[in-house]
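Data block below; observations after.
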Amino acid sequence: MEPRFNIFTNSVAAKFVKRLVTAGRVSEETELPKATQELVKIRASQINRCGLCLDMHTKDAAQAGETPVRLAMIAAWRESTVFSEAERAALALTEEGTYLSDPNNHVSDETWAQVRKHYDDDQIGALISLIATINAWNRMNVLAGNVGGDYTPGQWS
């Protein structure tokens with residue numbers, strides 16, 4: 001499958017991609033656990049059906065030591081026992097922050113209380129930034145028609 005549009009070579013889109021990469025570094029350079037960051041990226045990418053991001057983040061997470069069971073259970077995290085309370089709070093925030101267009105969905109007080117319980121202000125800032133950034137990446141890749149399957153871990157690091 002060929003992409004509809006190459007966001008990496010088009011001069012306008014490439015400028016935005018460059019800035020999005022820079023924006024993503026903000027959350028990467030925080031104390032938010034790297035495993036949690038990958039879980040967030042994977043869950044948002046599942047919701048948004050972004051094959052390229054799913055390919056990249058599942059492979060990067062596996063290379064960093066994430067277990068196959070946890071990777072397989074991300075979409076059903078509520079029905080599993082393999083995630084910590086803190087990770088569950090981050091996954092709930094990811095879902096609620098990704099489904100914003102649904103008029104029946106919002107970031108609930110219950111989810112916010114769990115996030116507050118498990119993360120400090122800087123980590124919450126990182127979570128919010130990370131959720132916004134991965135959603136932007138998902139939308140760019142889906143709109144451009146980028147697909148997954150050919151990513152090699154660390155390829156764009």
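The numbers here are math on the coordinates, done by the rules we state, and not lab data. Because the structure is a prediction, the values reported are computed rather than measured. Reconstructed Cβ throughout: ideal geometry from the backbone, glycine too, with neighbour counts over all protein chains shown.
Computed values, structure above
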item: Under 16 Å from the Cα of residue 59 - aspartates and glutamates, other chains or at least 8 residues apart; result: 38, 150
item: Footprinting exposure proxy for 34, 59 (fewest neighbouring C-beta atoms within 10 Å first); result: 34, 59
item: Label-point gap, in nm, between residue 106 and residue 11 - each point 7 angstrom along Cα→Cβ; result: 4.5 nm
item: Per-residue Cβ neighbour rank within 10 angstrom, fewest leading, 43, 49; result: 49, 43
item: Selection of GluC sites (Glu not before Pro), region 1-37, meeting DSSP coil and at most 10 other Cβ within 10 Å; result: 29, 31
item: P(r), alpha carbons of the chain - 10 Å bins starting at zero, rounded %; result: 10, 41, 36, 12, 1
item: Part-to-part distance (alpha-carbon centres) for region 55-110 and region 134-149, which is given in Å; result: 18 Å
item: Rg to Rh quotient for region 33-126, alpha carbon positions, Kirkwood Rh; result: 0.95
item: Fewest-first sequence of 73, 1, 56 by Cβ atoms within 10 Å of each Cβ; result: 1, 73, 56
item: Between helix 34-48 and the chain: long-axis angle, C-alpha atoms, 0 to 90°, nearest 10; result: 70 degrees
item: Set of lysines with alpha-carbon distance to residue 117 below 23 Å, sequence-local pairs under 8 removed; result: 34, 41
